[in-house]
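Notes follow the structure.
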Amino acid sequence: MLILGLDTATVQVSCAVGGHEGVLAATQSSRAKRHAETLVPAIEFTCRQARIDLKEISVVAVDLGPGLFTGLRVGVATAKAMAHALRVPMIGVSSLDLVAFPVRFTNRLIVAAIDARRGELYYGFYRQVPGGIQRLSDHHIGSPDDLASELLATGEDCLLVGDGALRYREVFEGLNKVELADQEFAYPSATSLTMLAHAQALREQFVKPWELQPLYLRKPDAEINWSMRDAR
């Protein structure tokens with residue numbers, strides 16, 4: 001079983017191919033706001049590096065968000081089109097799950113935080129479990145100060161990871177029992193996506209392409225701007 005993973009939820013675009021042997025090849029690019037131009041060439045390059053043909057793909061996995069509205073639309077639309085053309089099932093994984101996954105070996109409370117723009121963060125709480133991580137709550141959206149208050153309220157040692165944590169690091173660096181993860185863990189990646197999707201594929205946790213929807217925790221900026229204009 002070969003899985004193609006696509007991630008466009010943040011400024012970083014990545015794709016990977018993998019299966020029971022692990023990740024065979026992966027690429028990533030951080031050319032901001034060029035998701036549509038970057039993704040298809042990245043897929044072609046990754047398949048060449050893995051020495052496979054697209055027809056060999058058994059499952060298409062995609063990052064569902066939350067994240068940048070335009071990036072999510074590009075990734076989800078591309079993943080659906082490919083799954084439909086290849087006649088294969090799909091798997092969707094949250095971007096916050098993907099940010100938390102690489103630091104799964106810590107015994108601390110894992111807090112994934114992605115920059116949501118407009119002075120807000122998307123965030124979620126996780127804990128290590130055998131074989132991976134477990135999300136402890138629904139996804140949240142709030143200000144850095146909101147998250148800082150929740151971190152203090154837990155009273156636990158926390159590992160804060162993601163580009164949102166780094167962007168507002170001045171809010172978090174002085175907090176007791178809170179450590180910020182390094183820049184290398186800032187973004188969700190197709191490598192983590194492929195690994196998590198493979199575990200779901202073994203359990204046959206598939207979705208039909210038309211059933212898969214991006215995870216938006218608020219309206220897109222364009223819609224917000226129009227609403228504010230109408231109110232005025």
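Where a number appears in this text, it was derived from the coordinates with a stated rule and is not lab data. Here the structure is a predicted model, which is why all the values come from computation and not from measurement. Cβ atoms come from the backbone with ideal geometry, glycine included; neighbour counts cover every protein chain shown.
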May I ask for the distance between the Cα centers of segment 1-73 and segment 130-174, given as a whole number of Å?
27 Å
Going by C-beta contacts inside 10 Å, put I141, I133 in order with the fewest on the left.
I141, I133
How compact is the chain by the rule of thumb for globular proteins, expressed as Cα Rg over 2.2 N^0.38 Å?
1.01
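Could you sort the peptides 203-213, 71-81 by per-residue average Cβ neighbour count (10 Å cutoff), highest mean leading? Walk me through the intermediate numbers first.
On the way: 203-213: 12.4, 71-81: 21.0.
The densest-packed peptide leads the list: 71-81, 203-213.
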Note to self, the chain gives a 222 nm [θ] from helices alone (DSSP H runs n ≥ 4, -39500 (n - 2.57) apiece, / all residues, nearest 500) of -11000 deg cm²/dmol
With a bin width of 5 angstrom, please list the P(r) values of segment 95-149 as percents of all Cα-Cα pairs, from the 0 bin to the one holding the largest distance.
4, 22, 30, 21, 14, 6, 2, 0
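In debye, nearest 20: dipole of the chain around its Cα centre with unit charges on the Cβ of K, R (+) and D, E (-)? Walk me through the intermediate numbers first.
Details: 24 positive and 27 negative charges, 133 e Å.
Rounded to the nearest 20 debye, it is 640 debye.
Determine the percent antiparallel among the DSSP beta bridges restricted to segment 8-108, to the nearest 5.
Details: 7 of 12 bridges.
Once the DSSP bridges in segment 8-108 are tallied, antiparallel ones form about 60 percent.
About its Cα centre, what dipole magnitude does segment 96-185 give when the only charges are +1 on Lys and Arg Cβ and -1 on Asp and Glu Cβ, stated in debye to the nearest 20?
Values: 9 positive and 15 negative charges, 44 e Å.
The dipole of segment 96-185 has a size of about 200 debye.
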Tell me which of G162, P209, I91 sits at the most positive position along the dipole axis of the chain, charges placed on C-beta atoms (Lys, Arg +1; Asp, Glu -1).
P209
Taking the Cα centre of the chain as the origin and placing charges on Cβ (Lys, Arg +1; Asp, Glu -1), which of V59, G142, Y187 is farthest toward the positive end of the dipole?
V59
Neighbour counts of other C-beta atoms within 10 Å: give me E44, E150 arranged from fewest to most.
E44, E150
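Add +1 for every Lys or Arg and -1 for every Asp or Glu among the other residues with Cβ under 9 Å from the Cβ of A190, and state the total.
Working: positive: none; negative: D7, D63.
Surrounding charge for A190 is -2.
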